[in-house]
Amino acid sequence: MDMSDQSHISSVAEKPTLLQSTKYPPPEAAKGKVALLSDLTLLVWDSYKTDHAVMAYQQLLERYDIRFTIRLVPVEEIRAALDVSSAKTTVRRTDISDVQVKAINLIKDAVKLDATDIHILNYQDKSIIKLRIHGLLFVHREIDPEEGQVLCRCMYGSMCDVGDGNYNDRLSQDARLSRETIKSAGLNGARIATRPMEYGNLFELRLLYGSSKKRHDLKELGYNPRQIAAINTMIRRKGVNIFSGVTGSGKSTALQVVLSMLLKLHSGRINLMTVEQPLEYVIAGAVQTPLLCDLDDEVQVAREWARSIANLMRLDPDYLMVGELRDLASTMAAIQAAMTGHGMWTTTHAKDAFATFDRLADLAVPIRRLTDASLFTGVVNQSLAPVLCPACKRPFSKFMSDVSEDLRERVSRFCVPGGVYIAGNKKDCPTCGGLGIVDRTVVAEAVLTSQSLLNEYRRDDGGSAAARSYWVNEMGGMTKCQHLIQKINEGIVDPFMGEEAVCGLDEDSLIIQ
């Protein structure tokens, strides 16, 4: 909005009305410089009429179609309006505080149950709170629809340090709970995402745990000795090493463990630098940096990934970790880092190890780069499968009638039925609380590249299917399907849950030539 437009600026002599500070709060940098009144007059401190934060607040109001009128005033009038508003809202603060306590208690309950996500589904007649525990969604409780909306509005509007500040249940919104809000729950952070439904809306919190909730080595995560040996080889190689998987597959956790191993290997005498968005976990000994741009602008974010990698290269790094390969620019910047002798670790979204190469090819990475085994040195693809409760799990051989006929056939064909267990159904189990599961474990495939393997990918009649078959048949690679079957045979994973979380037990027989 143009401050010079005099037709849009009303008289300074008008008396201000009450401030609506809780409905449309300004960003931190604009506080004390602006005040929005109940008649939608926007008081602006005349010394800050072109201030970036002030103008950003105006743009935010315009996004929500607030038809405000600007009035340039001295600072005394801003302070007077704020003082009036503060006096009027003192009574309401107790109510807000009570709701905040309820919200924090909900988060604490979720943390006690090792939940990774809280889903609040607000319908017209009720609100349902669900928790994702060890990868599966469970109903936690049902509450009044008004209570559900008040809870969501309070968390979004008064307990976040990143976000618009104005909760709107008919919009898709993103925010982040403040560290002050979640520190008592033992979390490292919590992200909020919302989306309207046909008759209500979904309010989702992703809980980010600190190091106390994470495993400290690859074996604890669930990798087997062959995979650990492959990853140790990747650590020694100065190329691009990629952790891939679907959303929520534990890529960031595994990468944090590997980078900690790398720092320990070198006794901390290396410069390991990262660029991440968001910064999910603290890596002791690493120099961790965020993206420096407007995170709501997708174009800026895409440019900043590549720009950040180039900037890190000028800061004397030994190893780099890039949070995600999102596009061609960031991928080529990562390749350039590897070409100059720097170890590069990163993540991307892909369903299996060789689909990782397909994803990069779809980004238009030149095939001569993509199939250079000195540049792309390793790919680890992983999923997370629920771990059976050791106290109440049931032997498949005795309870196979509880399993569908087609799954029974696959278990008999691909597994060793005598070692297979399925989830228990004891609601009063003291170990799992009736969930039937107690944890999640990595199911993975770790591919050490070789030039012969990547040549197979590059062949005209090759591609990811041919490369996967070559890796299994000629190099003895262990697929995710094989790793899953191993864990099912050991009684660690329920075959039904394993197929849901990873792949069908017959997957290899269908795709490997």
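Just so you know, all these numbers are worked out from the coordinates, no wet-lab data involved. In this text the structure is predicted, and so the values were computed from the model without any measurement. Backbone-built Cβ (ideal geometry, glycine too); neighbour counts: all protein chains shown.
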Protection proxy ranking, peptides 216-222, 257-263, 190-196, average beta carbon neighbours within 10 Å, highest first | 257-263, 190-196, 216-222
Net charge over other residues, Cβ less than 11 angstrom from the Cβ of residue 478 (K, R count +1; D, E count -1) = 0
Here the gain from full extension of residue 349 to residue 168, 0.36 nm per residue of separation minus their alpha-carbon distance, amounts to 62.2 nm
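Assuming R0 = 51 Å, can you tell me the calculated FRET efficiency for the pair residue 328 and residue 427, based on Cβ-Cβ distance, to the nearest 0.05?
Working: r = 52 Å, r/R0 = 1.02.
According to the calculation, E is roughly 0.45.
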Approximate spin-label separation residue 204-residue 183, in nm, with each point projected 7 Å along Cα-to-Cβ = 2.9 nm
If one takes the longest principal axis of the Cα atoms in the chain, at what angle in degrees, from 0 to 90 and to the nearest 10, does the Cα axis of helix 464-475 lie?
-> 40 degrees
Taking +1 at the Cβ of each Lys and Arg and -1 at the Cβ of each Asp and Glu, which of 182, 148, 227 sits farthest along the dipole of the range 120-244 towards its positive end, judged by Cα position relative to the Cα centre?
-> 227
Between residue 271 and residues 5 or more places away or on another chain, the pairs with built amide H atoms under 5 Å apart involve 318, 319
The answer for the net charge of residues other than residue 126 whose Cβ lies under 13 angstrom from its Cβ, with Lys and Arg +1 and Asp and Glu -1, is -3
Take the alpha carbon atoms of the range 409-513, find their radius of gyration, then divide it by 2.2 N^0.38 Å using N residues; give the quotient.
-> 1.33
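What's the ranking of 376-387, 424-435, 274-285 by average number of surrounding C-beta atoms within 10 Å, highest first?
Working: 376-387: 24.9, 424-435: 14.8, 274-285: 18.2.
Ranked from most to least packed, the peptides come out as 376-387, 274-285, 424-435.
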Full-extension gain in nm, residue 300 to residue 124, via 0.36 nm per residue minus C-alpha separation | 59.5 nm
Helix 225-236 versus the longest principal axis of the chain: what is the Cα-based angle in degrees, 0 to 90, to the nearest 10?
-> 60 degrees
A student applying the Cα gyration tensor rule (rounded when a/c is under 1.5; otherwise prolate if a/b is larger than b/c, oblate if not) would label the range 214-511 prolate
Which order, highest average first, do 330-342, 454-466 follow once you tally other Cβ atoms within 10 Å for each residue and take the mean per peptide?
-> 330-342, 454-466
Given 138, 473, 42, which one lies farthest toward the positive end of the charge dipole of the chain, if we put +1 on the Cβ of every Lys and Arg and -1 on the Cβ of every Asp and Glu?
-> 473
Among beta bridges assigned by DSSP with both residues in the chain, the antiparallel ones amount in percent, to the nearest 5, to 65 percent
What is the helix-to-structure angle for 52-63, meaning the angle in degrees between its Cα long axis and the longest Cα principal axis of the chain, kept from 0 to 90 and rounded to the nearest 10?
-> 80 degrees
If you compute Rg and Dmax of the Cα atoms in Å for the structure shown, which of (1) 26.9, 87; (2) 24.7, 80; (3) 32.6, 131 do you land on?
-> (1)
Cysteines without a disulfide-compatible partner in the chain, using Cβ under 4.7 Å as the rule?
-> 152, 154, 160, 293, 415, 481, 503
Mean Cα-pair separation over length for the chain, i.e. relative contact order, pairs under 8 Å, 6 or more apart, % = 10 percent
Theoretical ellipticity at 222 nm over the chain - DSSP helices of four or more residues, -39500 (n - 2.57) apiece, nearest 500 | -11500 deg cm²/dmol
